[in-house]
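Read the figures in this text as sums done on the coordinates, not as results from a lab. Just so we're clear, the structure is a prediction, and the values are computed from it rather than from any experiment. All Cβ positions, glycine included, derive from the backbone under ideal geometry; neighbour counts span all protein chains shown.
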Ligand SMILES: [Zn+2]
């Protein structure tokens, strides 16, 4: 099982792999080929593959560590990495979200509602194939603290199983609907091996904000370590994404990564984990509807 000393051990490994400070897998793909036929180019490819494999291993270790910790995470650390997250899919807007994220070379995280997974199984698989992370967002999006413990178990476990069946992925991320959780929810997520991810920047898109307002809230709130809440099945959110958010963040040199990537290279400190609201000082935004 994961031991308490694991996280400190992650950092030297991270440095060894040069995964923390480099461009990471979200950077535009390396040039397509002119150097690939040379020995030097081949060496580069081998090193790049090793780096990606090392980063994936780091991500798995980080997720296992934070799942075992059993504390909700609101943001990462202070490096210039941040995470965009999209709730309530998959759905008809998934291909558009993927298209624009790919165009800008950005990894994201999708928290899926279990009952939507089978009807949109292809979209869920495409999210995974696109290099994005998947998470469990309950089966039917209830207010979990109002449910019995057995119902909470079904909501989380059935969704985890549906995502596994559709994508072959054992998800290790969980986000409670509306950000609403209690000790029973926390314990169930921990039992199922999922790190509980909330947010510290709320786009308020679920409240009907138009694309300009969504973009303003995200761009005003985001900073190093931020975890941003958005919803993929909203046209105004997609418009805000391609027309304002992604171009602006590219200029600010904030690297947008998946939540597992964020936890591997820019994790919250233990002090943050134990602080009210996740210790996300210096970044605006409050928990809201998820
Ligand atoms: Zn939601």
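Taking only alpha carbon atoms, region 87-172 gives an Rg to Rh ratio of 1.00, where Rh is the Kirkwood radius.
When the square roots of the Cα gyration tensor eigenvalues are ordered a ≥ b ≥ c, the ratio a/c for region 192-233 is 1.5 or more and a/b does not exceed b/c, which makes its shape oblate.
As a proxy for reagent exposure, ranking 113, 46, 257 by other Cβ atoms within 10 Å from fewest up yields 46, 113, 257. Counting neighbouring Cβ atoms within 10 Å and putting the fewest first, the residues 188, 151, 255, 213 line up as 151, 213, 188, 255. Against the compact-protein benchmark of 2.2 N^0.38 Å, the Cα-based radius of gyration of region 140-290 scales to 1.09. Taking other C-beta atoms within 10 Å as the exposure proxy, 194, 230 rank 194, 230 from fewest upward.
On full extension, the segment bounded by residue 184 and residue 46 gains 45.1 nm, given 0.36 nm per residue less the C-alpha separation.
Its relative contact order, with pairs defined as Cα atoms under 8 Å and 6+ residues apart, puts region 34-279 at 32 percent.
Considering only alpha-carbon pairs that sit under 8 angstrom and 6 or more positions apart, the relative contact order computed for region 33-151 is 20 percent. Annotation for region 215-238 versus region 140-193: alpha-carbon center distance of 23 Å.
Annotation: for a label point projected 7 angstrom from Cα along Cα→Cβ of residue 53, residues of region 112-134 with backbone N closer than 20 Å are 131. Its relative contact order, with pairs defined as Cα atoms under 8 Å and 6+ residues apart, puts region 107-193 at 34 percent.
Based on the alpha-carbon gyration tensor of region 34-279 and its eigenvalue square roots a ≥ b ≥ c, which shape applies: rounded if a/c is under 1.5, prolate if not and a/b is larger than b/c, or oblate? Taking the square roots of the gyration eigenvalues as a ≥ b ≥ c, region 34-279 is rounded. Spin-label pair residue 149-residue 212: with each label point 7 Å from Cα along the Cα-Cβ axis, the two points sit 5.2 nm from one another. Spin-label model, residue 140 to residue 99: label points 7 Å out along the Cα-to-beta-carbon direction sit 3.4 nm apart.
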